[in-house]
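Shown next, in structure tokens, is the structure this report addresses.
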Amino acid sequence: MATDPTLLRYMTRFRCIAERCEDTCCSGLRVPVSEAHWQRMQATVASSPEETERLYQLVLPNPDGASTPEHAFIQMRPDGHCPFLDTERLCSLQRRHGDAVLPDICATFPRVVTKWGERVEVTGTLACPEVARQCLLAEDAVEPVSEPSLSQHVPRPESARHLPLDEADAYGFHADTVRAAMLRLLHRREYPLASRLALLGHLAYGLDSFYFRGTESFRGEERAGTEARLAEVLQGFESPDALEAMHRDFSALALPGGPCVGLFTSVLKARMAAGRGERFTTLLQGVLESLRLGEGSPGELDAAWGTYAERWRRLEALHGARVRQYFHNYATHHLWRSPFTEAPSLLAYVFRLVLRVGLLRLALVGHPRVAALCLEPSPTPVSQEQLDRAAVETFQLVAKHVEQAPDFLSLAEGLVGPGRGADALGKVLVFATF
């Protein structure tokens with residue numbers, strides 16, 4: 001039986017602010033066009049030879065051919081912006097012909113609709129500044145709520161990505177139960193986020209030997225025993241004593257901070273070199289200059305680590321509750337927005353989350369506005385407003401230009417591989433301490 005769609009509360013509040021937005025939806029992104037929408041676009045402009053010619057110049061066939069669902073791609077301008085934007089940074093196609101002419105990604109962005117069997121979930125992408133504001137700045141933003149009307153919040157709900165809940169695929173079939181356990185750990189806010197990420201790593205490791213993509217441990221005569229084992233592992237992470245012991249052990253770990261700073265710096269420099277737009281380049285230049293990261297020598301990286309650690313201590317003293325809210329909301333949003341079944345293992349998924357959190361922490365404390373705030377003697381309403389602006393800018397630009405970039409995803413995969421075993425857990429714990 002179908003149930004009402006579930007939305008994270010921030011998506012019930014989201015409204016596009018159009019020309020008032022500091023960014024444009026498509027800048028810096030690759031916009032695919034399905035064959036059906038390509039045909040619709042052609043039919044829509046068919047009465048205008050000038051528009052038809054322009055369409056053929058700006059929408060180019062997918063070089064990979066028919067082997068992928070992306071029939072074509074919009075050829076973005078050298079500055080990363082869509083060629084269909086008008087002088088007011090609005091879509092000229094939409095203005096002239098309405099929403100129906102738009103590819104699915106243009107019509108639905110920044111909404112992310114996922115269908116688990118018959119259950120529908122709606123989240124957003126923080127690549128949109130207004131979604132980032134709604135997600136990060138409200139205490140209750142990531143609470144799940146039921147909404148009877150999906151069409152009120154989501155155009156083209158039929159374009160949702162489908163994740164079947166088939167008993168033959170145990171990884172997906174038990175995903176809802178496992179994610180619920182992960183969310184409960186994330187909501188143990190008596191522990192710092194670093195410890196909660198470590199707990200997620202330990203949970204993933206506890207399931208690692210039998211719960212992963214392609215597992216056959218739930219088949220045939222093994223099924224009942226494996227399901228009981230799954231329940232037993234999850235139940236173990238309900239024990240306050242067990243969680244406290246893992247927290248204590250994790251808190252005793254010491255991080256070699258310089259190498260981690262070096263890794264995150266190389267990621268940011270690579271994305272900046274790719275020419276990701278003026279706002280992104282300006283932010284990263286400010287971060288690198290603020291932390292005095294130039295050539296990346298070991299001494300320079302160690303010094304940057306010291307600056308980073310000291311700023312975090314100061315930021316915690318001045319605006320601790322606010323900063324903790326940003327990252328709690330971000331991590332919770334991630335578990336809803338990005339199904340772990342898209343990763344080969346739960347450990348690989350947790351590692352990618354930990355890596356993203358570390359990168360965001362470095363970028364946030366390196367933000368020039370945050371660096372200035374850390375020098376102030378006490379917090380004020382104005383300083384919190386400035387911090388909020390810096391956080392929204394940092395999370396949004398990193399989400400848009402780094403998190404889904406092929407080179408960043410390849411880095412994460414290369415660092416953790418398939419994400420199995422004690423070695424993968426060790427990497428989760430190391431980066432969680434950052």
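The values are calculated or read from the model by the stated rules, or taken from the named source; none is laboratory data. Only a predicted model underlies this, so the values are computations on that prediction, with no experimental measurement involved. Because the Cβ atoms are built from the backbone with ideal geometry, glycine has one as well, and the counts that use them run over all protein chains shown. All accessible areas refer to the heavy atoms of the entire protein, side chains included, with ligands and DNA or RNA removed. Shrake-Rupley method; radii C 1.70, N 1.55, O 1.52, S 1.80 Å.
Out of the residues in the range 389-417 meeting the condition of being polar (S, T, N, Q) and assigned to a helix (DSSP H, G or I), tell me which one is farthest from the chain's Cα centre (by Cα).
Ser410
Can Thr125 be described as in contact with a Pro (Cβ under 9 Å, 6 or more places away or on another chain) and of a type in the set (Val, Ile, Thr)?
Yes.
Among the residues of the range 251-268, write down those that are in contact with a Ser or Thr (Cβ under 6 Å, 6 or more places away or on another chain) and under 11 Å from Trp305 (Cβ atoms).
Leu255
State whether the residues of the range 19-28 include one that is of a type in the set (Gly, Ala, Ser), at pLDDT below 80, open to solvent by less than 60 Å² (accessible area, probe 1.4 Å) and under 26 Å from the mean Cα position of the chain (by Cα).
yes
Could you grab me the full set of residues in the range 341-355 that are out of contact with any Gly (no Cβ under 8 Å at 6 or more places or on another chain) and open to solvent by 10 Å² or more (accessible area, probe 1.4 Å)?
Glu342, Arg352
Take the residues in the range 272-305 that are without any contact (Cβ under 8 Å) to a residue 24 or more places away in the chain, open to solvent by 40 Å² or more (accessible area, probe 1.4 Å) and in contact with a helix residue (DSSP H, G or I) (Cβ under 8 Å, 6 or more places away or on another chain); name whichever of them is farthest from Gln396 (Cα to Cα).
Among those that are without any contact (Cβ under 8 Å) to a residue 24 or more places away in the chain, open to solvent by 40 Å² or more (accessible area, probe 1.4 Å) and in contact with a helix residue (DSSP H, G or I) (Cβ under 8 Å, 6 or more places away or on another chain), it is Arg292.
Here are the criteria: (1) crowded, with 17+ Cβ neighbours inside 10 Å; (2) in a helix (DSSP H, G or I). Tell me which single one Thr215 does not satisfy.
Failing condition for Thr215: (2).
Taking the options Leu197, Leu234, Leu203, name whichever one is out of contact with any Lys or Arg (no Cβ under 6 Å at 6 or more places or on another chain), open to solvent by 10 Å² or more (accessible area, probe 1.4 Å), touching a residue at least 24 places away in the same chain (Cβ under 8 Å) and in a helix (DSSP H, G or I). Spell out the reasoning first.
On the way: Leu197 fails: open to solvent by 10 Å² or more (accessible area, probe 1.4 Å); Leu203 fails: open to solvent by 10 Å² or more (accessible area, probe 1.4 Å).
Answer to the selection: Leu234.
Any chance you could count how many residues in the range 282-299 are within 20 Å of Val370 (Cβ to Cβ) and among the charged types (D, E, K, R)?
2
So which residues in the range 377-405 are at pLDDT 95 or above and loosely packed, with under 14 Cβ neighbours inside 10 Å?
Glu385
Can you tell which of Gly257, Gly277 is closer than 23 Å to Leu29 by Cβ, within 25 Å of the chain's Cα centre (by Cα) and of a type outside the set (A, V, I, L, M)?
Gly277
Leu255 passes all but one of (1) assigned to a helix (DSSP H, G or I); (2) in contact (Cβ under 8 Å) with a residue 40 or more places away in the chain; (3) open to solvent by 20 Å² or more (accessible area, probe 1.4 Å); (4) under 17 Å from Gly201 (Cα atoms); which number fails?
It fails just one condition, (1).
Can you pull out the residues in the range 143-154 that are within 19 Å of Ala107 (Cβ to Cβ) and open to solvent by 50 Å² or more (accessible area, probe 1.4 Å)?
Those that are within 19 Å of Ala107 (Cβ to Cβ) and open to solvent by 50 Å² or more (accessible area, probe 1.4 Å): Ser151, Gln152.
Which residue pairs have Cβ atoms under 6 Å apart, sit 6 or more places apart or on different chains, and have a first residue in the range 331-346 that is more than 15 Å from Leu185 (Cα to Cα) and a second that is open to solvent by 10 Å² or more (accessible area, probe 1.4 Å) and β-branched (Val, Ile, Thr)?
Arg337/Val112
Can you find even one residue in the range 308-321 that is hydrophobic (A, V, I, L, M, F, W, C), in contact (Cβ under 8 Å) with a residue 60 or more places away in the chain and open to solvent by 10 Å² or more (accessible area, probe 1.4 Å)? Before the answer, list the steps.
If we filter the range 308-321 for residues that are hydrophobic (A, V, I, L, M, F, W, C), which is where we start, we get 309, 312, 315, 317-318, 321.
Checking which are in contact (Cβ under 8 Å) with a residue 60 or more places away in the chain leaves us with 318.
When the remaining residues are screened for being open to solvent by 10 Å² or more (accessible area, probe 1.4 Å), the result is 318.
Taking every residue of the range 308-321 in turn, at least one turns out to be hydrophobic (A, V, I, L, M, F, W, C), in contact (Cβ under 8 Å) with a residue 60 or more places away in the chain and open to solvent by 10 Å² or more (accessible area, probe 1.4 Å).
Would you point out which residue out of Asp99, Asp166 is modelled with pLDDT under 95, touching a Cys at 6+ places or on another chain (Cβ under 9 Å), at negative phi and open to solvent by 30 Å² or more (accessible area, probe 1.4 Å)?
Exactly one of Asp99, Asp166 is modelled with pLDDT under 95, touching a Cys at 6+ places or on another chain (Cβ under 9 Å), at negative phi and open to solvent by 30 Å² or more (accessible area, probe 1.4 Å), namely Asp99.
Quick one: which helices (runs of 4 or more DSSP H) lie wholly within the range 41-138 and hold at least 3 residues that are closer than 30 Å to Leu163 by Cβ and in contact (Cβ under 8 Å) with a residue 24 or more places away in the chain?
104-108, 129-136
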